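Peer 1: First the structure, which I've put down as structure tokens, then a few questions once you've had a look.
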Amino acid sequence: MKIFNVNNAQETKQIGTQLAYLLSAGDLLLLDGDLGAGKTTFTKGLAIGLGVTRTIKSPTFTIIREYQGGKFPLYHMDVYRLENGGGNELGLEEYFMSGGISVVEWSNFISDVLPKNYLKISFSRDDKHLDSTTRTITMEATNNHYQHILEQLDE
Ligand SMILES: Nc1ncnc2c1ncn2[C@@H]1O[C@H](COP(=O)(O)OP(=O)(O)OP(=O)(O)O)[C@@H](O)[C@H]1O
Ligand SMILES: [Mg+2]
């Protein structure tokens, strides 16, 4: 496990960018945490590191957005709208197995359709003041592959 304390959105992005350099084809990142905690912001940083030039938009209403043109395809999913189920009809497995980088916001809503290995990244706003920009980002690996990635990240 690795814990990052960040002071602002730019720092959250930078961790995403740094992580992107360490990823390989087929990697899966699960992003969980409160509304507005920084999951999409982190994904924007990740996209920069992958060399994706298109602007990352929150896929809340589309569920999946695909970005080509980077080192690997980026599949950005936001399953917030699946709070009441429906995750197994989306065909997400195809994305997970396709050799791109899959990022899932609110992955806890589809825990029954997720592969068993991933890097879990949790975002929390410890200071509940609306204007606070500090966040804690906790990363946990399920296997050696993801553990190895974690070990190479600077805290
Ligand atoms: N340290 C920080 N890290 C990330 N975002 C921050 C930080 N401090 C302030 N912010 C701001 O908080 C907001 C985070 O929004 P973002 O869309 O990334 O959250 P989210 O976790 O994806 O939310 P949602 O659950 O609605 O998808 C942005 O407006 C961002 O500028
Ligand atoms: Mg989001």
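Peer 1: For the range 51-66, name all the residues that are open to solvent by less than 80 Å² (accessible area, probe 1.4 Å), closer than 16 Å to TRP106 by Cα, touching a helix residue (DSSP H, G or I) at 6+ places or on another chain (Cβ under 9 Å) and of a type outside the set (A, V, I, L, M).
Peer 2: SER58, PRO59, THR60
Peer 1: Out of the range 67-89, which residues are surrounded by 13 or more Cβ atoms within 10 Å (Cβ to Cβ) and either among the aliphatic types (A, V, I, L, M) or within 17 Å of ILE48 (Cα to Cα) (or both)? Write out each step before concluding.
Peer 2: The first filter runs over the range 67-89 and keeps only residues surrounded by 13 or more Cβ atoms within 10 Å (Cβ to Cβ), leaving 67, 70-82, 86-87.
Selection gives TYR67, GLY70, LYS71, PHE72, PRO73, LEU74, TYR75, HIS76, MET77, VAL79, LEU82.
Peer 1: Show the residue pairs that are 6+ apart or on different chains and have beta-carbon atoms under 8 Å apart, the first residue being within the range 11-26 and open to solvent by 10 Å² or more (accessible area, probe 1.4 Å) and assigned to a helix (DSSP H, G or I), the second being modelled with pLDDT of 95 or more and of a type in the set (S, T, N, Q).
Peer 2: These pairs meet every condition: LYS13/THR41.
Peer 1: Of everything in the range 117-154, what is assigned to a loop (DSSP other than H, G, I, E, B) and within 30 Å of MET97 (Cα to Cα)? Give them in sequence order.
Peer 2: ASN117, TYR118, THR142, ASN143, GLN152, LEU153, ASP154, listed by residue number.
Peer 1: Among ASN7, ASN117, which is the only one that is surrounded by fewer than 16 Cβ atoms within 10 Å (Cβ to Cβ), within 28 Å of GLU155 (Cβ to Cβ) and under 16 Å from the mean Cα position of the chain (by Cα)?
Peer 2: Among ASN7, ASN117, only ASN117 is surrounded by fewer than 16 Cβ atoms within 10 Å (Cβ to Cβ), within 28 Å of GLU155 (Cβ to Cβ) and under 16 Å from the mean Cα position of the chain (by Cα).
Peer 1: Moving on to the next point. Go through the range 20-37 residue by residue and tally those that are within 16 Å of ligand 1 (Cβ to nearest atom) and under 10 Å from the mean Cα position of the chain (by Cα).
Peer 2: So the answer is 4.
The values are calculated or read from the model by the stated rules, or taken from the named source; none is laboratory data. Everything numeric here is computed off the predicted structure, so don't read it as measured data. Methodologically, a virtual Cβ is constructed for each residue, glycine included, from the backbone with ideal geometry; neighbour enumeration extends over all protein chains shown. Side chains included, ligands, DNA and RNA excluded: accessible areas come from the protein's heavy atoms. Shrake-Rupley method; radii C 1.70, N 1.55, O 1.52, S 1.80 Å.
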